[in-house]
1. Only counting other Cβ atoms within 10 Å, I'd like LEU240, LEU38 sorted with the fewest neighbours first.
2. Identify all lysines with a Cα-Cα distance to LYS309 below 27 Å; exclude those on the same chain that are fewer than 8 residues away in sequence.
3. Counting other Cβ atoms within 10 Å of each Cβ, which trypsin sites (Lys or Arg not before Pro) in region 67-134 have at most 12 and sit in a DSSP loop?
4. So what is the relative contact order for region 2-327, in percent, with contacts set as C-alpha pairs under 8 Å and at least six apart?
5. Per residue Cα convex hull volume for region 149-297, in cubic angstrom?
6. Within 10 Å of each candidate Cβ there may be at most 13 other Cβ atoms; applying that plus a DSSP loop requirement, which GluC sites (Glu not before Pro) in region 62-162 survive?
7. Among the aspartates and glutamates, which have Cα under 20 Å from the Cα of LYS302 when same-chain residues fewer than 8 positions away are ignored?
8. Among ALA84, ALA134, ALA67, determine the one that fluctuates most according to a GNM of the chain built with springs between C-alpha atoms less than 10 Å apart.
Amino acid sequence: MIKFSEYFSCWVHEEYYAKGVKIGREGDFYTSVSVGYLFGAALANYFIRLISKSHLETDCAVVEIGANDGAMMADFIQGVYTLAPELLKSVRFIIVEPHEKLISMQKQTFSERFGEEVFVEWVRDLDELRLDEAFVISNELFDSFACELINGDEMAFFDENRGIIWDKALPKISTAASSAGVLKGEFSPIYREFARKLSRAVDSGRFISFDYGEWAHRGDFSLRIYKNHDVFNFFEVENLDEFFGTCDITYDVCFSYLAQCFASEGWRMSSYKTQASALLGECAVTELVEIIQKRGGENAAKNALKQLKYLTMPSFLGERFKFIEFVTGVESC
């Protein structure tokens, strides 16, 4: 019998993502990156705006965590090339990726998009980084972190013969979940561990992430499975072996707990809002669309506007997904 978090980690990280999954129309679920290049380009526009306001230096590092096939970083680099090509001479691009198959996919993406013109670095773990300043980006990262299932004073374990078993919660986990306000639902101790690693890796800079969830804990379970764009309630699946390691399992992020974890490691939350608000605000995506229209013409503008519609649509990605940003070092003072 093992903790549910160990079962979750094996499913997601040792099996599903390690195999190099496809995301988008041909995969199990969509992300904002699946919509097209505009999402990554909008993040690049925000990055450039921060540099123009002297919030970041021109020689800082751009780090992506959870890059899957590398499309978002490639779109980001293309955005920098289009909007401020001089930065390509000074900015470092780094991907944190533990899975060999995904590294191969990412390298193929950059080779096809840029040939030998862009240099990207890879590390397997945040522990390998020591950066003076960084702009760290992620998309749908925290919903893939292994979690425990809490129900009052019990937590879930997994038995390969009997499936989910509820038993008395381990004291350390029970205390941590209680302090986070989780009485029933998913709870991930890894959030705090991640924030601690990030603090050691980056002296000064920003961390931004897009993910789905809400500020306060919902007080119930959100655990679900995505397979070929169909959604299954985890607790209603009779035979989990049919899904294990072959499709996505995920849950809603509790952003107030995430902010608590980052604050404990010296990161100040500077913004929390819907994805739509962040794209229209921080990322100034409408200005980006205007630039695309001037340089690419009417058809390019129509394509960009179509992408923007999906990225900001309340019933699709715009409201359900949230943007959260943390700062550390000089900026956090």
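1. Ranking LEU240, LEU38 by Cβ neighbours within 10 Å, fewest first, gives LEU240, LEU38.
2. The reachable lysines, counting only those whose Cα sits under 27 Å from LYS309, are LYS22, LYS227, LYS273, LYS294, LYS322.
3. Qualifying residues, ordered by number: ARG124, ARG130.
4. So the answer I get is 21 percent.
5. Hull volume normalised by residue count: 171 Å³.
6. Passing both the DSSP loop test and the Cβ count: GLU116, GLU117, GLU160.
7. Straight-distance partners of LYS302: ASP75, GLU287, GLU290.
8. So, out of ALA84, ALA134, ALA67, the one fluctuating most is ALA84.
Each reported figure results from applying straightforward, stated rules to the coordinates on display, with no laboratory input. Values in this document were obtained by computation on a predicted structure and should not be read as measured data. Neighbour counts are summed over all protein chains in view; Cβ atoms, including those assigned to glycine, are modelled from backbone coordinates with ideal geometry.
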